[in-house]
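> This is the structure, below, for whatever I ask next.
The values are calculated or read from the model by the stated rules, or taken from the named source; none is laboratory data. Small disclaimer: the values here were computed from a predicted structure and weren't measured. Please note: Cβ atoms are built from the backbone with ideal geometry, for glycine as well, and neighbour counts cover all protein chains shown.
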Ligand code: ADP
């Protein structure tokens with residue numbers, strides 16, 4: 001499968017945009033952005049222990065596009081949640097940009113996440129009560145940017161994703177493809193170093209899927225590191241590398 005780059009939107013992500021990267025000592029281009037060593041995750045309930053991740057070791061270089069595949073229940077979302085600092089491992093180490101983030105507390109993880117990691121979910125996860133503009137603005141509000149800078153950045157990213165004419169609409173007034181475009185705008189508006197995408201085309205038809213993959217490829221071309229969970233071989237073919245998970249373990253790496 002030949003990789004295609006988008007010709008429909010101009011360059012992403014935004015240039016010259018700060019973030020909370022000051023707390024993340026990133027290495028030079030080509031270094032490891034993510035380094036997981038024997039990562040484990042167990043979900044304990046009274047009745048049963050579920051080993052979602054048994055022993056996962058994985059390096060993701062800065063600027064790499066990695067697809068994670070595997071059957072339902074094999075641990076893909078758990079792995080993505082840990083990479084995204086939404087959850088903590090039970091064992092092993094997670095180095096992000098050279099910093100050990102395995103045991104950070106909630107506040108530290110939230111602080112590091114803001115401006116560093118952008119998320120794109122299958123179900124878009126937009127806030128229904130907020131307009132397109134307000135949804136995209138939200139990460140910048142969390143980062144504490146002044147109103148004028150927020151406006152400039154939000155309008156710039158909406159323009160680039162051809163969504164500025166929809167800025168006053170609410171998510172329910174948009175198609176699935178448009179909602180995912182807004183979700184991507186929200187993910188990139190803070191110019192994150194890392195985009196984590198969990199089945200980003202899972203709810204989209206082929207036309208909208210292509211558009212979303214074009215956008216992710218474009219971000220990748222511009223240096224953003226992307227880790228994407230997908231069930232689609234076609235979507236995975238755009239990545240540099242496919243990591244296959246099975247029963248909480250990596251069973252195969254395929255360079256593309
Ligand atoms: P995938 O994304 O590949 O479908 P998940 O990471 O969602 O897999 O789940 C891996 C395993 O961990 C599954 O057996 C799932 O039932 C279990 N699991 C995930 N989250 C929880 C949780 N919060 N509590 C208990 N078990 C969980």
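> Restricting to the stretch 142-171, name every residue that is closer than 20 Å to residue 192 by Cβ, touching a helix residue (DSSP H, G or I) at 6+ places or on another chain (Cβ under 7 Å) and not in a loop (DSSP other than H, G, I, E, B).
Matches in the stretch 142-171: 150, 153, 154, 155, 157, 158.
Listed here are the residues, each with its yes/no results for (1) closer than 18 Å to residue 121 by Cβ; (2) more than 16 Å from the ligand (Cβ to nearest atom); (3) crowded, with 17+ Cβ neighbours inside 10 Å.
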site	(1), (2), (3)
181	yes, yes, yes
189	yes, yes, yes
195	yes, yes, yes
200	yes, no, yes
217	no, yes, yes
227	yes, no, yes
244	no, no, yes
249	no, no, no
256	no, yes, no
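Here's the yes/no breakdown for (1) more than 13 Å from the ligand (Cβ to nearest atom); (2) in a loop (DSSP other than H, G, I, E, B):
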residue	(1), (2)
58	yes, no
66	yes, no
74	no, yes
85	yes, yes
88	no, yes
107	yes, no
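> Here's a check for you: in the stretch 219-256, which residue that is assigned to a helix (DSSP H, G or I) and modelled with pLDDT of 90 or more is farthest from residue 37 (Cα to Cα)? Give the derivation first.
As a first pass, look at the stretch 219-256 and keep what is assigned to a helix (DSSP H, G or I): 219-221, 233-236.
Now narrow it down to the ones that are modelled with pLDDT of 90 or more: 220-221, 233-236.
On the way: 220: 25, 221: 27, 233: 27, 234: 29, 235: 27, 236: 24 Å.
Restricting to residues being assigned to a helix (DSSP H, G or I) and modelled with pLDDT of 90 or more, the top hit is 234.
> Still on this structure, I have one more. Failed condition for residue 93, given (1) under 30 Å from residue 185 (Cβ atoms); (2) away from the ligand (no atom under 12 Å from the Cβ), with all others met?
The one condition residue 93 does not meet is (1).
> Just one of (1) surrounded by fewer than 18 Cβ atoms within 10 Å (Cβ to Cβ); (2) under 29 Å from residue 217 (Cα atoms); (3) within 16 Å of the ligand (Cβ to nearest atom) trips up residue 50, so point out which.
Among (1) surrounded by fewer than 18 Cβ atoms within 10 Å (Cβ to Cβ); (2) under 29 Å from residue 217 (Cα atoms); (3) within 16 Å of the ligand (Cβ to nearest atom), the lone unmet condition for residue 50 is (2).
> If residue 45 passes every condition in (1) modelled with pLDDT under 95; (2) away from the ligand (no atom under 16 Å from the Cβ) but one, which one does it miss?
Going through the list (1) modelled with pLDDT under 95; (2) away from the ligand (no atom under 16 Å from the Cβ), residue 45 breaks only (2).
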